[in-house]
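To start, the structure itself, in structure tokens.
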Amino acid sequence: MPVVLITPEAMLHKPAPYVDALKAAGFDVVYPRDPTFTRGLLSEDETVEQLRICDAVLAGGERCTRNVLEQLPRLRVIARAGVGYDRIDMATATARRIPVTITPNSNFDAVAEHTIALLFATAKSMIAMDRGVRGNTWRRVLTAPVRESTLGLIGLGRIGRAVAIRARALGMVVVASESQPDLTFIKQHGIELTSLDQVLSRADYLSIHCPLNAETKGLINRNTLAKMKPGSVLINTARGPLVVESDLIEALQSGHLRAAGLDVFEQEPPAPDNPLFQMDNVVLSPHIGGEDTLSSRNMGCEAADCIIRLYRGEWPTGAVVNQELQSGWKW
């Protein structure tokens, strides 16, 4: 009986339709011994030890490096619950003919909602005001408006588009940079497509929605932060390494940026002495933007469907990252 290892923390040892579907398709469903396995903090040897038992993994954020993948002769499929795959060595996965799938239809609305939540939390100083009221400091300070302000988007894929729709409904002006734009969507929703420099200089709130790769790592750094409007806000619900954290901290400490809302970090979890923890104008969450109760279930179902279809000899077009494996691939 083929074995599927389910690793995302929110999916561990819980009855769910994707578990039922995998079992009905003939799979034995197992879970990692360490519930924090998916955080990617274990050594390569420990990661191999967890993964060597499975034919497929319904994956979270574990690191599938070249060395790890080369020690997993049994592994046939990596089905990511999410859309990012920067922790998987794609060259090695492809060379070993391991399809890597994502769940493009399941969590973009959840990330968009979380982005808007961080936008409101920073605009309305919710953390500082909550602490003040609890501490008997009845200090009423005017907050920043969201309506009639400008939202800048770096990336206008599924998540960026979902954010844009919500921002336009709030009465915001939306400007965006995107290398492969959906021009019909842009025209329909009144979005201005422009250069990255223009987005940086015009945005009252800048939200990042591009993938992490060699070209985008460190995209937000001292130079790009300097181009942002004084008093603007940075929101990142994409990937931590897109931002040089030390440069962001410097921009916040100097007052060039008014605030930041961060769901992701260069190091996850961040070190306990991270200076961001001491800033009342920074709102933080633990890389949870894409996971609410609805999206978690849907991601599980979409990832499980990819595994089941591949097992049956069907190719889940649109979900496989290394599409070049389709010709001649067999379980």
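Quick one: in the range 157-183, which of the residues that are in a loop (DSSP other than H, G, I, E, B) and more than 19 Å from GLY261 (Cβ to Cβ) is most open to solvent (accessible area, probe 1.4 Å)? Spell out the reasoning first.
Looking only at the range 157-183, we keep the residues that are in a loop (DSSP other than H, G, I, E, B), and these are 157, 170-172, 178-182.
If we keep only those that are more than 19 Å from GLY261 (Cβ to Cβ) as well, we get 157, 171, 178-182.
Values: GLY157: 28, GLY171: 38, GLU178: 50, SER179: 108, GLN180: 153, PRO181: 44, ASP182: 63 Å².
Out of the qualifying residues, it is GLN180.
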| field | Restricting the range 279-300 to residues that are touching a residue at least 60 places away in the same chain (Cβ under 8 Å) and open to solvent by 80 Å² or more (accessible area, probe 1.4 Å), the residue that is nearest to PRO8 (Cα to Cα) | value | ARG297
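Kindly indicate the residue of the range 16-42 that is in a loop (DSSP other than H, G, I, E, B) and modelled with pLDDT of 95 or more and also surrounded by the fewest Cβ atoms within 10 Å (Cβ to Cβ) among those meeting that condition. Even if it seems obvious, please write down each step before you answer.
Kept after step one, since they are in a loop (DSSP other than H, G, I, E, B), are these residues of the range 16-42: 16, 25-27, 31-36, 40-42.
Restricting the remaining residues to those that are modelled with pLDDT of 95 or more gives 16, 25-27, 31-32.
Numbers: ALA16: 17, ALA25: 16, GLY26: 11, PHE27: 22, TYR31: 16, PRO32: 24.
Among those that are in a loop (DSSP other than H, G, I, E, B) and modelled with pLDDT of 95 or more, it is GLY26.
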| task | Any residue in the range 204-233 that's over 11 Å from ILE154 (Cβ atoms): show its pairings with residues that are at pLDDT below 95 at Cβ separation under 6 Å, as long as the two are six or more apart or on different chains. | result | LEU212/ASP86
| Are any residues in the range 244-278 part of a strand (DSSP E or B) and either closer than 19 Å to THR36 by Cβ or open to solvent by 10 Å² or more (accessible area, probe 1.4 Å) (or both), and if so, which ones? | ARG258
| Pick from the range 184-213 the residues that are of a type outside the set (D, E, K, R) and out of contact with any strand residue (DSSP E or B) (no Cβ under 8 Å at 6 or more places or on another chain): which of them is surrounded by the most Cβ atoms within 10 Å (Cβ to Cβ)? | LEU212
| remark: Exactly one of VAL283, VAL233, VAL243 is aliphatic (A, V, I, L, M), out of contact with any Phe, Trp or Tyr (no Cβ under 9 Å at 6 or more places or on another chain) and within 18 Å of LEU119 (Cβ to Cβ), and that residue is VAL283
| From the residues in the range 99-120 that are surrounded by 22 or more Cβ atoms within 10 Å (Cβ to Cβ) and farther than 17 Å from ALA164 by Cβ, which one is modelled with the lowest pLDDT? | SER106
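The values are calculated or read from the model by the stated rules, or taken from the named source; none is laboratory data. Note that this is a predicted model, so its numbers are computed, not measured. As a convention, Cβ positions derive from the backbone with ideal geometry for all residues, glycine included, and neighbour counts pool all protein chains shown. The protein model used for the area step is the full one, side chains on, heavy atoms only, and it has no ligands, DNA or RNA in it. Shrake-Rupley method; radii C 1.70, N 1.55, O 1.52, S 1.80 Å.
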